[in-house]
Amino acid sequence: MRDKTARGVGWSFIDNIANSGITFLVGLVLARLLTPEEYGVMAMIAIFIAVSDSIIDSGFSNALIRKVDIERIDYNTVFYFNLIVSISLYILLFFASPAISAFFREPVLVDVMRVIGFVLIVNALAIIPRTIFIRNINFKTQTKVSLIASISSGVVGIGMALSGMGVWSLVGQQLSRQLLNTFFLWGYCKWKPVFEFSVKSFKEMFGFGSKLLVSGLLDTIYKDIYYLVIGRFFTSFVLGQYTRAKQFNTIFSSNLTTVVQRVSYPVLSHKINDVGDVCMYAWISSDGKVVNYNSYRREVATCCWLFADYLLFGHALSASCHQSEYPESQRPFGFILEIGNNKKDSCHRSYCIGGIFGDRMYVVG
């Protein structure tokens, strides 16, 4: 298990850092080809997509990872639930798009919402294959899939932007990335759905997942409510500036915590019956040496060590990149980013520790 965990962390690190780098570079190119207004339009629908994704998952993926004795019917139950809910929410957003467009006073939102809404169904199809890979601590395959999807979708987005397609280049980039990601996950995964559904299994997992659903909805609304407020009371230009600044401000830090967290959760879930290995304590001998340095303490130490390096890198990078790489029309974005960098260090340290404490609570239940 230790070697498997080490490989998982290694591949998770490559996955997150490589994808962050690709996203950063693609973002630099698109920022020169697109206007802040076009980013603002995409940001206006972000909260609706994020909330819908939380409802679709409903904590079931974490419940599957955490479950000790899992059966085929458990996967099928969650799969059909995800699929039905995603289709229902897409239909809801399809008919609600005129009202959302009127709320933000952006006519283009009607068509954009109806097209980008397909992401909900595509993401729902990917939940079970991804959960199986995470449960098996197989991050090598996920890394291959995500790199192919990120590079290909970046090419699609840049190509569409060069063709003058504006906001549709962002729609095309996001849709192509999720489509490719789902397609290859299904290609590598040996699991195939069978038409069966268990009410007993559903109730058992929903008892755990419902708590994560409420927590996830609160977290999503807290993080994305700014898009709603800025988009309603300001212009899409202002929202676009804010969106780009926020994305670049957290592009590495949010993923860095995930490097350890996404591996630690399935690992600790495998040890759910060993309470001592998922609790925050260690035995100290009379000469002051740590006798039992358990899995959870190792996770905290590793995450803090990674974050220390990130903070040094972030300070060196933040002061120079944003002002030199963006056209004059997007310079306000640099000011917002600089404010964020001045305040983010303590916040990101808290995010790091808070994230891994959350992992332990999920496992213990």
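Would you point out which residue out of SER52, SER88, SER61 is small (Gly, Ala, Ser), free of Cβ contacts under 8 Å to residues at least 12 places away in the same chain, out of contact with any His (no Cβ under 9 Å at 6 or more places or on another chain) and under 24 Å from LYS203 (Cα atoms)?
Numbers: SER52 fails: free of Cβ contacts under 8 Å to residues at least 12 places away in the same chain; SER61 fails: free of Cβ contacts under 8 Å to residues at least 12 places away in the same chain.
The conditions single out SER88.
Of the conditions (1) more than 13 Å from GLY117 (Cβ to Cβ); (2) at pLDDT 85 or above; (3) surrounded by 15 or more Cβ atoms within 10 Å (Cβ to Cβ), PHE13 satisfies every one except a single condition; which number is it?
(2)
Take the residues of the range 86-114 that are surrounded by 17 or more Cβ atoms within 10 Å (Cβ to Cβ) and hydroxyl-bearing (Ser, Thr, Tyr): which is nearest to LEU213 (Cα to Cα)?
SER86
So how many residues does the range 142-167 have that are surrounded by 15 or more Cβ atoms within 10 Å (Cβ to Cβ) and either without any contact (Cβ under 8 Å) to a residue 24 or more places away in the chain or outside any helix (DSSP H, G or I) (or both)?
Looking only at that region, the number is 4.
Within the set of pairs 6+ apart or on separate chains, which have a first residue in the range 215-234 that is more than 18 Å from MET42 (Cβ to Cβ), a second that is modelled with pLDDT of 85 or more and surrounded by 15 or more Cβ atoms within 10 Å (Cβ to Cβ), and C-beta atoms under 8 Å apart?
Filtered contacts from the range 215-234: GLY216/SER54; GLY216/ASP57; GLY216/GLY59; LEU217/VAL51; LEU217/SER54; LEU217/ILE55; ILE221/ILE47; ILE221/VAL51.
Scan SER58, SER86, SER101 and give me the residue that is of a type in the set (S, T, N, Q) and modelled with pLDDT under 90. Let's see the steps before the verdict.
Working: SER86 fails: modelled with pLDDT under 90; SER101 fails: modelled with pLDDT under 90.
Selected residue: SER58, the only one of SER58, SER86, SER101 that is of a type in the set (S, T, N, Q) and modelled with pLDDT under 90.
Give just the number: which of (1) surrounded by fewer than 22 Cβ atoms within 10 Å (Cβ to Cβ); (2) not in a loop (DSSP other than H, G, I, E, B) does GLY40 not satisfy?
(1)
Before we move on, is PHE81 under 30 Å from ILE230 (Cα atoms) and of a type outside the set (Val, Ile, Thr)? First the steps, then the outcome.
Working: under 30 Å from ILE230 (Cα atoms): no; of a type outside the set (Val, Ile, Thr): yes.
Against the criterion (under 30 Å from ILE230 (Cα atoms) and of a type outside the set (Val, Ile, Thr)), PHE81 does not qualify.
Do the conditions hold for LEU83, that is, is it buried (at least 22 other Cβ atoms within 10 Å of the Cβ) and in a helix (DSSP H, G or I)? If you could, list the steps in order and put the result at the bottom.
Numbers: buried (at least 22 other Cβ atoms within 10 Å of the Cβ): no; in a helix (DSSP H, G or I): yes.
No: the conditions fail for LEU83.
The values are calculated or read from the model by the stated rules, or taken from the named source; none is laboratory data. Note that the structure is predicted; figures quoted are calculated from it, not measured. Quick reminder, even Gly has a Cβ in these numbers, built from the backbone with ideal geometry, and neighbours come from all protein chains shown.
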